Amino acid sequence: MPTASDPGDPTAGWQDVELAGGDVRWRMPDAWSLEPELDGPEDLSGIVVDGAGTPMLTYGAVRDGQYATDFSPCERPDGVEVLGSERLEGLASEAGSLVVVAVPTDRGVLLHAGISELDPEAACEPGILAIYPESLPYSFVRLDLVDDAGDMAPRFDSMASARAYLETDEFTAIREVLRTAAIGDER
């Protein structure tokens with residue numbers, strides 16, 4: 001993970017977040033905070049909100065459970081576009097990446113962004129973004145983009161407006177938070 005002393009570090013001065021005794025970590029702007037959800041089935045879950053209280057990301061680590069099926073029968077939706085995939089070094093899985101995927105639906109385009117082990121070009125459930133660390137007592141860990149209500153992936157009117165969101169200051173900060181994600185013993 002970058003430290004505040006790294007020259008040119010866009011996360012310089014950000015706070016360090018550690019969950020599960022440091023097994024799940026990321027950095028985020030000082031004005032952002034965590035709002036844990038204690039009534040769900042997950043051992044660790046909640047929302048990351050910005051300084052105004054607007055949900056930015058959702059997070060979770062589940063000890064016993066399944067988050068993604070991605071097995072037969074499963075059919076990849078038509079029109080899915082991978083808008084970005086970048087390998088992350090601090091994840092327990094060699095396949096862990098920051099993934100951005102746009103999934104068209106009959107009610108608009110859902111924009112999924114987060115950490116994932118699945119191949120975004122081939123996954124038949126491209127909106128399922130999680131990693132499955134063998135070195136931790138969790139079935140899966142997730143840290144992904146959420147809409148302003150904190151309920152689901154953000155929905156856009158078109159693929160063009162979903163792409164335009166990727167150029168906003170808000171998404172730039174979210175991308176940097178996701179880039180700092182570290183899970184497991186990678187320090």
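Structure above, values below:
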| item | result |
| --- | --- |
| Enumeration of residues in segment 142-173 that are part of a loop (DSSP other than H, G, I, E, B) and closer than 12 Å to residue 103 by Cα | 153, 154, 157, 158 |
| Within segment 139-168, considering residues that are within 25 Å of residue 45 (Cβ to Cβ), open to solvent by less than 60 Å² (accessible area, probe 1.4 Å) and small (Gly, Ala, Ser), the one modelled with the lowest pLDDT | 139 |
| Matching residues in segment 122-170 - criterion: being of a type in the set (A, V, I, L, M), more than 21 Å from residue 89 (Cβ to Cβ) and over 17 Å from the mean Cα position of the chain (by Cα) | 122, 159, 160, 164 |
| Close pairs (7 angstrom Cβ cut-off, 6 or more residues apart or separate chains): closer than 17 Å to residue 83 by Cβ and touching a residue at least 12 places away in the same chain (Cβ under 8 Å) in segment 158-187, β-branched (Val, Ile, Thr) and in a loop (DSSP other than H, G, I, E, B) anywhere | 176/11 |
| Subset of segment 87-117 (residues that are more than 18 Å from residue 144 (Cα to Cα), in a loop (DSSP other than H, G, I, E, B) and either open to solvent by less than 50 Å² (accessible area, probe 1.4 Å) or modelled with pLDDT under 80 (or both)) | 94 |
| Residue 120 being more than 30 Å from residue 30 (Cβ to Cβ), in contact with a Ser or Thr (Cβ under 6 Å, 6 or more places away or on another chain), in a loop (DSSP other than H, G, I, E, B) and not aliphatic (A, V, I, L, M) | yes |
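The values are calculated or read from the model by the stated rules, or taken from the named source; none is laboratory data. In this text, all values refer to a predicted model and were calculated from it rather than measured experimentally. Reconstructed Cβ throughout: ideal geometry from the backbone, glycine too, with neighbour counts over all protein chains shown. Just the protein is used for accessible areas: all its heavy atoms, side chains included, with ligands, DNA and RNA removed. Shrake-Rupley method; radii C 1.70, N 1.55, O 1.52, S 1.80 Å.
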